[in-house]
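Below: one structure, written as structure tokens.
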Amino acid sequence: METKEAVQKKNGGALKLDTLKITDSRTGKEFEIPIDHETVKATDLRKIKVKDDDFGMMTYDPAFMNTASCKSRITFIDGDKGILRYRGYPIEQLAEKKSYLEVAYLVLYGELPNKTQYEEWENQVRFHTYLHENVKGLMESFRYDAHPMGIFVSVLAALSTFYPEAKHVLDPEVRRKQVWRLIGKVPTIAAWAYRHSIGLPYVYPENDLTYPENFLSMMFKVAEAKYKPDPVLVKALEVLFILHADHEQNCSANAMRSIGSSQVDPYCASAGAAAALYGPLHGGANEAVLRMLDEIGSMDKVPAFIKDVKDGKGKLMGFGHRVYKNYDPRAKIIKKMADQVFGVTGKNPKLEIALELERIALQDDYFVKRKLYPNVDFYSGLIYQAMKFPVDMFPVLFAIPRMSGWLAQWEEMLMDPEQKIARPRQMYLGSDKRDVN
Ligand code: SDX
């Protein structure tokens, strides 16, 4: 707890002490806890005790519903206003005006790259798109019908054995090189996982293609000399990658920070983050939305499905958000972009069902009362499917761009002097001491 003198020193003599006054009814003692950015430090509560040898007061916050685990300067979200900014830039402007690699650089290094910085960045990422030939052997060991996310997570972890120097996480040059490798290789891992599942030969990266073009080529090139993706679809993928780059302290970012706090290499940490993303409540939701739309099947079945959800028999996947209690700004952009994609691919027949679900949900009290709006996953899957991505590739399509966010969060954690190995406490309610008889 800061003394008043310390606060005066910090505030140039002004005694600007925002504090929380707490009275412990068990002892009658009063405490004054400093408030900083609408937050009190949990460790300041430890002074609140009954007996001197007590551990002291803790906060209890399952799923971190109301806990700031870090100070961050990467992404700002205002859930009530539906605002999302990367390093201060509104997502709408970045999606319209920038490429994914420019936005990845911004998320990672805090500023949009100038021409020289961008050329160096794009060259380094491009230079690291290849996978060691041994990775093919690992991929071959999976069944043909292995979920690509299972392959993606496994290959990420396996890459830690190819780059042992990555363990030196406190060396900025070592970190920078692993960032190039991970951003460069995730599209290759994703595409090769898909090619393995359909028994097609792997397509190697081509250096004259942009980041999204290269990924589409590695995914879909067959016998043609040069794969030529439709520019509308390339732009759509560029925007989708930008929208998925980071999202402050979501489940997988928290996993990245927590695993990374033990100072393990970034390949193992990002494998853990990707595993967290795979869950249907997180990045696996885009796949779950399409399976839900398939299950509903037709417009006339929508009312019965909505009734089941309201009866607690399931969730409306792609709806709801821990932070957004308004329309997810990313969902707005994706929904708008869908028309351009469908203009090229033909409309996804499931769009009607999705629009009807949204129409009903936005006026039904069950959803309105719980502030459930479409999130980033509700419409993205419809576009991915129209672009001929198989449904089980959708979480992988989320993970590719989110790699930049995970690495930005990881690096910020490592450089934060207030951070150390993550090790929460618990409220123990188990048995008291008892002897084995
Ligand atoms: C992502 O955190 C991030 O930033 C994540 C993400 C990112 O970019 O990293 O934005 C990406 O993960 C988006 C979310 C994708 N997930 C889904 O679409 C799955 C469906 N949504 C839900 O599972 C849920 O809304 C969560 C997980 C997203 C948020 O859950 P919370 O904040 O823990 O809210 P909750 O489960 O406590 O729900 C509050 C109430 C409950 O009802 P009651 O118990 O009060 O009666 O709302 C209900 C829930 O049952 N509810 C839903 C619902 N989501 C919440 N009811 C029906 N359908 C839903 N989708």
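The values are calculated or read from the model by the stated rules, or taken from the named source; none is laboratory data. Since the model is a prediction, treat every value here as computed from it, not as a measurement. Here the Cβ positions follow ideal geometry from the backbone for every residue, glycine too, while neighbour counts run over all protein chains shown. The protein model used for the area step is the full one, side chains on, heavy atoms only, and it has no ligands, DNA or RNA in it. Shrake-Rupley method; radii C 1.70, N 1.55, O 1.52, S 1.80 Å.
One residue is enough: does region 384-391 have a residue meeting the conditions more than 16 Å from the ligand (Cβ to nearest atom), closer than 24 Å to His282 by Cα and outside any loop (DSSP other than H, G, I, E, B)?
Yes; the residues of region 384-391 include at least one that is more than 16 Å from the ligand (Cβ to nearest atom), closer than 24 Å to His282 by Cα and outside any loop (DSSP other than H, G, I, E, B).
Return the total of residues in region 311-336 being more than 6 Å from the ligand (Cβ to nearest atom) and open to solvent by less than 10 Å² (accessible area, probe 1.4 Å).
6
Looking only at region 368-375, decide whether some residue is crowded, with 21+ Cβ neighbours inside 10 Å, within 16 Å of the ligand (Cβ to nearest atom), not assigned by TED's automatic domain parsing to the domain that holds Val186 and not in a loop (DSSP other than H, G, I, E, B).
Yes; the residues of region 368-375 include at least one that is crowded, with 21+ Cβ neighbours inside 10 Å, within 16 Å of the ligand (Cβ to nearest atom), not assigned by TED's automatic domain parsing to the domain that holds Val186 and not in a loop (DSSP other than H, G, I, E, B).
Being open to solvent by less than 30 Å² (accessible area, probe 1.4 Å) and more than 8 Å from the ligand (Cβ to nearest atom): is that true of Glu295 here? Spell out how you get there, then give the answer.
Numbers: open to solvent by less than 30 Å² (accessible area, probe 1.4 Å): no; more than 8 Å from the ligand (Cβ to nearest atom): yes.
So Glu295 does not fit the description; no.
Can you name every residue in region 235-283 that is within 10 Å of the ligand (Cβ to nearest atom) and over 11 Å from the mean Cα position of the chain (by Cα)? Show your work before the answer.
Here is the first cut: in region 235-283, the ones within 10 Å of the ligand (Cβ to nearest atom) are 243-254, 276-277, 279-283.
Selection gives Gly279, Pro280, Leu281.
What residue, of Ala255, Ala193, is in contact (Cβ under 8 Å) with a residue 40 or more places away in the chain and within 25 Å of Asp377 (Cβ to Cβ)?
Matching residue, one of Ala255, Ala193: Ala193.
Mind checking which helices (runs of 4 or more DSSP H) fall wholly inside region 88-206 and carry at least 3 residues that are within 19 Å of Phe394 (Cα to Cα) and out of contact with any helix residue (DSSP H, G or I) (no Cβ under 6 Å at 6 or more places or on another chain)?
Details: elements: 91-97, 100-109, 115-127, 134-140, 148-159, 172-197.
Of the helices (runs of 4 or more DSSP H) lying wholly inside region 88-206, those with at least 3 residues that are within 19 Å of Phe394 (Cα to Cα) and out of contact with any helix residue (DSSP H, G or I) (no Cβ under 6 Å at 6 or more places or on another chain) span 172-197.
Filter region 57-84 down to residues that are surrounded by 13 or more Cβ atoms within 10 Å (Cβ to Cβ) and farther than 29 Å from Leu106 by Cα and give me whichever is farthest from the ligand (Cβ to nearest atom). So that I can check it myself, show each step before the final result.
Within region 57-84, the first condition is being surrounded by 13 or more Cβ atoms within 10 Å (Cβ to Cβ), and the residues that meet it are 57-58, 64, 67-70, 72, 74-79, 82-84.
Those left that are additionally farther than 29 Å from Leu106 by Cα: 57-58.
On the way: Met57: 26, Met58: 22 Å.
Looking at residues that are surrounded by 13 or more Cβ atoms within 10 Å (Cβ to Cβ) and farther than 29 Å from Leu106 by Cα, I get Met57.
Pick from Gly260, Gly199: which is in contact with a Phe, Trp or Tyr (Cβ under 7 Å, 6 or more places away or on another chain) and open to solvent by 40 Å² or more (accessible area, probe 1.4 Å)?
Going through Gly260, Gly199 in turn, just one is in contact with a Phe, Trp or Tyr (Cβ under 7 Å, 6 or more places away or on another chain) and open to solvent by 40 Å² or more (accessible area, probe 1.4 Å): Gly199.
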